[in-house]
Amino acid sequence: MRIFLTCSIKPEGAKGEKDIYAEFDSKETIDDLADAIKSNGHEVEILNVLGDIKDKLNSKKENIDLVFNVAEGLVGEEREAYVPKLCEELKIPFTGASSWTAINTLNKGRTKEILNKKGIPTPKFRVVSDSEEDLSGLKFPLLVKPMFEGSSKGIFNENLVHDADNLKKIIKKTIARYNQKVIVEEFIDGREFTVSVIGEKTILPIVEILFDDLPDRLYPMDSYEVKWEHDSPESIEKKGYDPIVCPANIDNKLKIKIEEVVLATYKALKCHDWSRIDVRLDAKGNPNILEVNALPGFMKNPKENSRLPKAAYANRWSYERLIGEVINSAIKRMLKLQENK
Ligand SMILES: Nc1ncnc2c1ncn2[C@@H]1O[C@H](COP(=O)(O)OP(=O)(O)OP(=O)(O)O)[C@@H](O)[C@H]1O
Ligand SMILES: [Mg+2]
């Protein structure tokens, strides 16, 4: 097949806020992905999505069999839906989230509303656009997160607050810095897992994120400081201890419980081909869904500790096999659609 790889490549020597390009991929990551697509027997062309690509896609339409989409899109609350929407309009098959799924998973509030409707457990929350809003219905400690980000962007250690004054302060700061609503969530401090689903229902070995070697100043959560500083690949190599464990050390009963809520979530958000779903246990030990990553990280190098590839390797899949499975899942859907026409 002729595959068009739509992506968002980190500009070289990018300057600005430290987390501004947190969600973009390096050239190396995209090259690894392109090589994996090729090694599955396909032709590949890379397109870095920097602006409007509609004309380009339209002019190439006859020569594209599939878009492999990992682009973050352009700007705004629906950015991850940019390429899916174009492909839907132009009727070009593509991998991963539909525009509906991309919009509803990038929006943490919408995701949780959908989960609530389906009776899938998720921490109690409120969507907030003003620091003066009355949040007395929520129990401290509370975590303040930007509504439309990923990669722990905007989720700093100080965003976990224990009193009303700090809550107001962090809400104000986050809204001003990220220019978007925030979501205020009750903090549940049980074990944390992240679960990768491939195709329609293949669950890869569960990844656990351990917080047991954090210094006292850092709260037990995957904040920006923890994910990108304390548990950075360099720091893990230096300390010789990897807090990202796969497969997680859990009994079968818990494994089944987690897998059940994860699959229900995958279905509720109508995910396709691949996704990584974050789970944390509440005080009763029940798995709660934190969020859905319908465009999961996919760094090949095991040193990078990218969670979905890590789960694939624990399943004895090569990187090439993982990417092949995603492509095959998209092809299967494409064929089903054609049959139903
Ligand atoms: N309600 C909560 N209770 C406890 N911990 C939470 C809660 N919400 C988020 N966290 C912690 O903060 C981390 C980041 O939150 P979340 O997964 O929502 O952000 P993200 O930036 O979208 O992450 P990703 O890197 O997966 O895209 C979680 O992995 C978890 O450790
Ligand atoms: Mg997450």
Checked the range 160-244 against the a/c 1.5 cut and the a/b vs b/c comparison, axes a ≥ b ≥ c from its Cα gyration tensor; verdict oblate
Once 56, 267, 341 are ranked on solvent-accessible area with the largest value leading and a 1.4 Å probe, the list reads 341, 267, 56
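Could you tell me what percent of the accessible area of the range 2-95 is made up of carbon and sulfur, with a 1.4 Å probe and every protein chain present?
46 percent
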If you project the alpha carbons of the range 62-179 onto the principal axes, what extent comes out on each, in Å, largest first? 58, 33, 21
Could you tell me the convex hull volume per residue, in Å³, taken over the Cα atoms of the range 124-186? 72 Å³
Among the listed pairs 10/341; 91/124; 153/267; 60/112; 253/310; 54/332, which have their C-alpha atoms separated by more than 32 angstrom in this model? 10/341; 91/124; 60/112
Roll a 1.4 Å probe over the protein chains and send me the accessible area per residue for the chain in Å². 48 Å²
How large a share of the accessible area of the range 124-186, in percent, is made up of carbon and sulfur atoms when the probe is 1.4 Å and the other protein chains stay in place? 48 percent
Using the Karplus curve 6.51 cos²θ - 1.76 cosθ + 1.60 with θ = phi - 60°, work out ³J(HN,Hα) for each residue of the range 253-269 in order, rounded to whole Hz, and write x for Gly and Pro. 5, 5, 4, 5, 4, 5, 4, 4, 5, 5, 5, 4, 5, 4, 5, 4, 8
Which residues qualify? For residue 122, with a placed amide H closer than 5 Å and at least 5 residues away or on another chain, they are 289
When all alpha-carbon pairs of the chain are counted, what percent fall beyond 30 Å? 34 percent
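The values are calculated or read from the model by the stated rules, or taken from the named source; none is laboratory data. Keep in mind the model is a prediction, meaning the values are calculated, not measured. Surface areas here come from the heavy atoms of the whole protein model, side chains and all, with no ligands, DNA or RNA. Shrake-Rupley method; radii C 1.70, N 1.55, O 1.52, S 1.80 Å.
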